[in-house]
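K.L.:
I'd like to ask some things about the structure below.
The values are calculated or read from the model by the stated rules, or taken from the named source; none is laboratory data. Nothing here was measured: the structure is a model prediction, and the numbers come from that model. Note that we place each Cβ from the backbone using ideal geometry, even for glycine, and neighbour counts take in every protein chain shown.
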Amino acid sequence: HIIKQQHISHRMRRRLRSDGIITVNGKPATWNTLVHGGDHLIMKLTPEQEFSLSPMELDIIYEDEYILIINKAAGILMHPTSTIRDHTLA
């Protein structure tokens, strides 16, 4: 289970499975494909997209070297999605 060991997101795992991005010995791999020593495994990934920073006012409750606690306003997403790329916290 190479995919799970690489900490790849659930969405990316679905893409890898549905798009035939992983091949073993030149053949599309499925989740049940066994990989043996000497097998040739290829995973074709697209480069990560660049995101622009969106300046915004944050209501910071607490901040130190390890933790940042904010009072997040309603409607602001935590992470970008496939349709909303900007104006998120991450």
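K.L.:
Quick one: in segment 13-42, which of the residues that are at pLDDT 80 or above and among the hydrophobic types (A, V, I, L, M, F, W, C) is nearest to residue 84 (Cα to Cα)?
P.N.:
22
K.L.:
I'm trying to understand the selection: among the residues of segment 43-73, which are at pLDDT 85 or above, under 24 Å from the mean Cα position of the chain (by Cα) and charged (D, E, K, R)?
P.N.:
Within segment 43-73, 72 is the sole residue that qualifies.
K.L.:
Quick one: in segment 74-90, of everything that is under 23 Å from residue 9 (Cβ atoms) and among the aliphatic types (A, V, I, L, M), which residue is nearest to the chain's Cα centre (by Cα)?
P.N.:
Within segment 74-90, the match that is nearest to the chain's Cα centre (by Cα) is 90.
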